[in-house]
1. Scanning the range 46-60 for residues that are of a type outside the set (A, V, I, L, M) and part of a helix (DSSP H, G or I), which turns out farthest from F363 (Cα to Cα)?
2. Being of a type outside the set (A, V, I, L, M) and free of Cβ contacts under 8 Å to residues at least 60 places away in the same chain is the filter; apply it to the range 250-274 and report the residue that is farthest from V408 (Cα to Cα).
3. Would you be able to tell me the number of residues in the range 296-341 that are without any contact (Cβ under 8 Å) to a residue 12 or more places away in the chain and of a type in the set (A, V, I, L, M)?
4. Being assigned to a helix (DSSP H, G or I) and under 25 Å from L272 (Cα atoms) is the requirement here; does T123 meet it?
5. With respect to the numbered conditions (1) within 22 Å of L372 (Cα to Cα); (2) in a helix (DSSP H, G or I), which one is the sole condition not fulfilled by P63?
6. Checking R25 against (1) basic (K, R); (2) closer than 13 Å to T173 by Cβ; (3) not in a helix (DSSP H, G or I), which single condition isn't satisfied?
7. From the list T221, T231, T261, exactly one residue is of a type in the set (V, I, T), farther than 25 Å from G15 by Cβ and under 23 Å from the mean Cα position of the chain (by Cα). Which is it?
8. Taking into account only those residues within the range 144-161 that are of a type outside the set (S, T, Y) and surrounded by 24 or more Cβ atoms within 10 Å (Cβ to Cβ), which is farthest from V342 (Cα to Cα)?
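The values are calculated or read from the model by the stated rules, or taken from the named source; none is laboratory data. The structure displayed is predicted, hence computed values, not measured ones. Positions of Cβ are backbone-derived with ideal geometry, glycine not excepted, and every protein chain shown enters the neighbour counts.
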Amino acid sequence: MSFVKYRYLIFGILGAAYILVFFHRLAPALVAVDMMRDLKTGGALMGILASAYFYPYALMQIPAGLLSDSWGPRRSVALFFIFAAAGSIVLGFAQSVGVAIVARIIVGLGVATVFVPTLKILTNWFEPEKFVRMTGLLMSLGGVGAYTAATPLALLSDALGWRGSMIVIGGFTCGIALAVWWLVKDTPQELGFPPLRWTMTPDNVGNKIGLLSGIGLVLKTPMFWPMAICTFLGASVSLSFSGLWGGPFLMHVYGMSRAQTGAVLSAMAVGLIAGAPVMSWLSNRVLRSRKKVLIINYFFGLCLFIPLAFFTSGFPVAMLYVWCFSYSFMMSGMAVVGYSSVKDLYPVTISGTATGILNIFPFAGAALGQPLIGWYLDQAGSVGGQYSADAYSTAFKICLIPLFGALVASLLVKETYPKESTISNL
């Protein structure tokens, strides 16, 4: 197989893994009501259960970067993905909320070493001018994963129940882990291909940076922190809605069935699928800027969340589809441009460490946001296990604060778009 064909095969396998990362991340939003009933839990504990994925995910990002830079990205993805498969299967059999929380922790641990190692592998197989495009495509595949956690999961749950669905997906996760182990290669040299020229420059060869030195270099860089704050605050809202409370909100306030809820939340997946490559194109071809795209993203994300907060129960159903698509479309640039921007700040030898450290922040935000929203909803009280439109409205108004903070932080991000770019050669 030729070099070009094989690198796209690698991308396809890792992309399939990333689809499952998003599925596991967002699946609770659709089955939350059923899980709360079966496990006999309230909103706060359900928030902890769903966010249990994010705690190990966030904590593993520095180790994931270090493992990627030292042990090897292929091994990291394949072996940890086995944990994700096991966690999903255990979740399907869980009879108590305690076991379910442990299962979600195992899932989060298992999928934590996919994104950063994947970026490391793409760094080795794709030229810099193609890297942003491939990152955009990877984000789009994340959108496919979000879609599978909506309508397809609704159909699967109707057929097998939420427990059977988790067990089946655990089997798929194990299959992808085996494909990564056997087919993915860390570098072209492993298959006898020459390395890409850019990975052999003086800045990238012969100047090894120690693990602790790499962490210190990232954390001591002032330009790193505005991006970290952006992702923390933005994800605390976005992942709390799409990953958990969007589903109960639609069921409780609009009386939707699981299938209808899945259809509406699918619009968020479509928005991510469409938005990721558009934001990449906007950054590379139109604005020629990373920073401007981020500012646009957070500005429109805030503007879109305002009507949801103040007119929570007043949306026509058709507008809910439009809102979900538009919000996800605009916020998709947070990952596509943000990670590319941070990668541009550091040598390739610590690119895994840098992106791993950044990747802590969005999931730390989600780990905080999901249970806090659940706690507030419990304080507001429920009737027949359902929260009121007023309770959701107040929760969404509170969400405007971190979104505004993310917008302010985006104004402080340093531009990293290269002055002499070869992106026009795409």
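1. G47
2. By that ranking, first place goes to S257.
3. Total satisfying the criteria: 2.
4. In short, yes.
5. (1)
6. Failing condition for R25: (3).
7. T261
8. Ranking the candidates gives L153 first.
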